[in-house]
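The values are calculated or read from the model by the stated rules, or taken from the named source; none is laboratory data. Because the structure is a prediction, the values reported are computed rather than measured. Cβ atoms come from the backbone with ideal geometry, glycine included; neighbour counts cover every protein chain shown.
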Amino acid sequence: MRTDLLLESIPGLDEALEAVDSFDRALVDGLLRPRPDRAAALAEFAHAVAGTPLAERVAEAAGRTADGSAGEDDFVALAAARTALLGSVHDALMSRVEEAIGRPGGEAGVPAPESRAAVNLLTAARSWLADLARAGWQGMDHDVVSGAAPVVAAMLPDPALRRLATLLDGFAAELAASCPGASAKRVPARRWADLWSRALLLTLPGAAEASATDTATGRLLPLGVDLHEHPTAAQAQVHAVFEPADGTAPRLVRAGIAVPKPDTVVGAGVWQLLRPHMSLLAAVGEGRSMELDAMPVTGAGDLIWSEAHARQGEPADAFVTARVALPAATDTVTAPLDRHPARIAVPVFLEGYTVQQDDGTLTFTVAGHPLEVDTDRIPAAGPLTPEAVAGSGACIALLRWDAGAYRLQPLAVETTVRKKAVALHAGGWAGGTTDKTGVRAEKAATDAMAVLRERAGRLLRK
């Protein structure tokens, strides 16, 4: 890996991010009647997309927002411009990554799916998001935030709307925890603007639906699991190399599963909620491949997992896959709405690096240049620890971009424990474990779920 390229500045990157920040600052105060300085910032934001197909529409929307007459369509235009700017940042960062790792990028397009969602519910969600933008983060209160609840409740039963419903539910919960906004000590302006603009664009018919454009038949070789936990939800995303049965070039794919969860289930107990929905997690925990037969897959490389199209395969060591198959695998294509710097997660394999620790910061020196390791992303639901990463000699990781720099998120490492070479994986307990810590966490989750089921049954009986 040419780590020197990852440390070089990218022309225009800071300017694009500053334009995004100018809009985000306006959202903090609210878009109902922006202050003169915020109105000027909106004009600068519109100027950032001058010369693009969005230019005229965004300039009109910024003008109407500045004089307090903007409607929902204007907010959609502003959200689209913000997404386009961050998409350009994403593309520039990914071009640098592809150059640094020397792996071929994907070329297939990602077609827009047809809409099957209920338009009235999308309209209701858009109306709530518009009210939120008018109030701003400092002007929001519980009355404004609670407007999401009936919309989410109506959306959740519809699979076509569940993606947007989950986003709105989590977003509203974060906002409610900071109400009233006027007394909030800290406003995560970039994060909330990300969630707002993404949710607003997902209210456009068809935007929230994944479309399978192909099927995958062949061998799936897992590299590692990226686990995300939220107080009310959990998601496991398996990164893997797919080797087609027809002998064409291998490519990188992902398979994910997300479930709602009680906030009392944490750590290794999360696997109990995820495991029943995806046999791939058990295969990851056992170090096995999967054989796929006509598994639906999107143009962005996401497998639409179905147990009917998968069966357990032969043993497959993730580090063998990383050394042999990963270098020749074609990277995935990013779906249009997923083009965001925070969504960059490129599987890489590193060895022969040196490790430095300074004031709690862990750094790998690769090919003579430093790359910071984001140990905060290592989940508690597995045997992988920051200490194991610090003592490692080889690492499978996701290359990410955060806070102005590329960083590594370890998925698995080869290290030495009690003079014995071992491989430790973030998803090592995905299929179950005999580790004492993991067993205790699983038992606590079992007990918590039993109590919750008993209470739910009692409520239903009443």
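Among residues of the stretch 87-107 that are more than 23 Å from A16 (Cβ to Cβ), those with a Cβ under 9 angstrom from a residue that is part of a helix (DSSP H, G or I) and of a type in the set (D, E), sequence gap 6+ or separate chain, pair up as P104/E98. Screening A308 on (1) free of Cβ contacts under 8 Å to residues at least 12 places away in the same chain; (2) under 30 Å from A100 (Cα atoms) shows it passes everything except condition (2). Against the numbered list (1) touching a residue at least 40 places away in the same chain (Cβ under 8 Å); (2) at positive phi, A403 comes up short only at (1).
Contact annotation: residue pairs with Cβ atoms under 6 Å, 6 or more positions apart or on different chains, pairing a residue in the stretch 412-438 that is more than 16 Å from A322 (Cβ to Cβ) with a partner that is surrounded by fewer than 19 Cβ atoms within 10 Å (Cβ to Cβ), are G431/A282; G431/E286. Looking at D226, is it of a type in the set (D, E) and touching a Pro at 6+ places or on another chain (Cβ under 9 Å)? The answer is yes for D226. Take the residues in the stretch 148-166 that are among the small types (G, A, S) and within 18 Å of S197 (Cβ to Cβ), then tell me which one is surrounded by the most Cβ atoms within 10 Å (Cβ to Cβ). Looking at residues that are among the small types (G, A, S) and within 18 Å of S197 (Cβ to Cβ), I get A148. Every condition in (1) touching a residue at least 12 places away in the same chain (Cβ under 8 Å); (2) not in a helix (DSSP H, G or I) holds for W192 except the one numbered (2). Among the residues making up the stretch 279-305, none is within 21 Å of the chain's Cα centre (by Cα), surrounded by fewer than 20 Cβ atoms within 10 Å (Cβ to Cβ) and under 22 Å from T446 (Cα atoms).
This table checks each residue for (1) under 24 Å from T232 (Cα atoms); (2) modelled with pLDDT of 95 or more; (3) hydrophobic (A, V, I, L, M, F, W, C).
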{"residue": "P104", "(1), (2), (3)": "no, no, no"}
{"residue": "E107", "(1), (2), (3)": "no, no, no"}
{"residue": "S115", "(1), (2), (3)": "no, no, no"}
{"residue": "L121", "(1), (2), (3)": "yes, no, yes"}
{"residue": "A125", "(1), (2), (3)": "yes, yes, yes"}
{"residue": "A148", "(1), (2), (3)": "yes, yes, yes"}
{"residue": "D158", "(1), (2), (3)": "yes, no, no"}
{"residue": "L164", "(1), (2), (3)": "yes, no, yes"}
{"residue": "G170", "(1), (2), (3)": "yes, no, no"}
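Exactly one residue among G438, G432 is assigned to a helix (DSSP H, G or I), within 16 Å of E286 (Cα to Cα) and either modelled with pLDDT of 75 or more or of a type outside the set (S, T, N, Q) (or both), and that residue is G438. Within the stretch 346-361, the set of residues being among the hydrophobic types (A, V, I, L, M, F, W, C) and under 23 Å from the mean Cα position of the chain (by Cα) comprises V346, V348, F349, L350. For the stretch 23-64, name all the residues that are crowded, with 21+ Cβ neighbours inside 10 Å, modelled with pLDDT of 90 or more and of a type in the set (D, E, K, R). Answer for the stretch 23-64, where residues must be crowded, with 21+ Cβ neighbours inside 10 Å, modelled with pLDDT of 90 or more and of a type in the set (D, E, K, R): just D24. Considered as a group, the residues in the stretch 325-342 that are in a loop (DSSP other than H, G, I, E, B) and at pLDDT 90 or above include one that is surrounded by the fewest Cβ atoms within 10 Å (Cβ to Cβ), and that residue is H340.
Close contacts from the stretch 222-248, counting a first residue that is closer than 15 Å to A329 by Cα and a second that is among the acidic types (D, E), with Cβ to Cβ under 8 Å and a gap of 6+ residues or different chains, come to H239/D226. Tell me, yes or no, whether the stretch 167-174 has at least one residue that is in the same structural domain as L78 (by TED's automatic domain parsing), surrounded by fewer than 19 Cβ atoms within 10 Å (Cβ to Cβ) and not aliphatic (A, V, I, L, M). The answer is yes, given that some residue of the stretch 167-174 is in the same structural domain as L78 (by TED's automatic domain parsing), surrounded by fewer than 19 Cβ atoms within 10 Å (Cβ to Cβ) and not aliphatic (A, V, I, L, M).
For G256, indicate whether it is at pLDDT 90 or above and at positive phi. Criteria not met by G256. Looking at D67, D73, just one residue is under 31 Å from the mean Cα position of the chain (by Cα), surrounded by fewer than 23 Cβ atoms within 10 Å (Cβ to Cβ) and over 21 Å from E15 (Cβ atoms), and that residue is D73. Of the set (1) modelled with pLDDT of 95 or more; (2) within 20 Å of L121 (Cβ to Cβ), all apply to R219 but (2). Take the residues of the stretch 297-325 that are hydrophobic (A, V, I, L, M, F, W, C) and in contact with a Lys or Arg (Cβ under 8 Å, 6 or more places away or on another chain): which is nearest to D214 (Cα to Cα)? Out of the qualifying residues, it is L303. Of all residues in the stretch 343-357, those satisfying the criterion of being without any contact (Cβ under 8 Å) to a residue 60 or more places away in the chain and in a loop (DSSP other than H, G, I, E, B) are G352, Y353.
Counting the residues of the stretch 135-167 that are under 24 Å from A258 (Cα atoms) and assigned to a helix (DSSP H, G or I) gives 17. The set of residues from the stretch 291-334 being among the hydroxyl-bearing types (S, T, Y) and under 16 Å from T248 (Cβ atoms) comprises T330, T332. Of all residues in the stretch 374-405, those being buried (at least 18 other Cβ atoms within 10 Å of the Cβ), of a type in the set (A, V, I, L, M, F, W, C), assigned to a strand (DSSP E or B) and within 18 Å of the chain's Cα centre (by Cα) number 4. May I ask you to list the residues in the stretch 262-276 that are of a type in the set (D, E, K, R) and more than 23 Å from E307 (Cα to Cα)? Answer for the stretch 262-276, where residues must be of a type in the set (D, E, K, R) and more than 23 Å from E307 (Cα to Cα): just D263.
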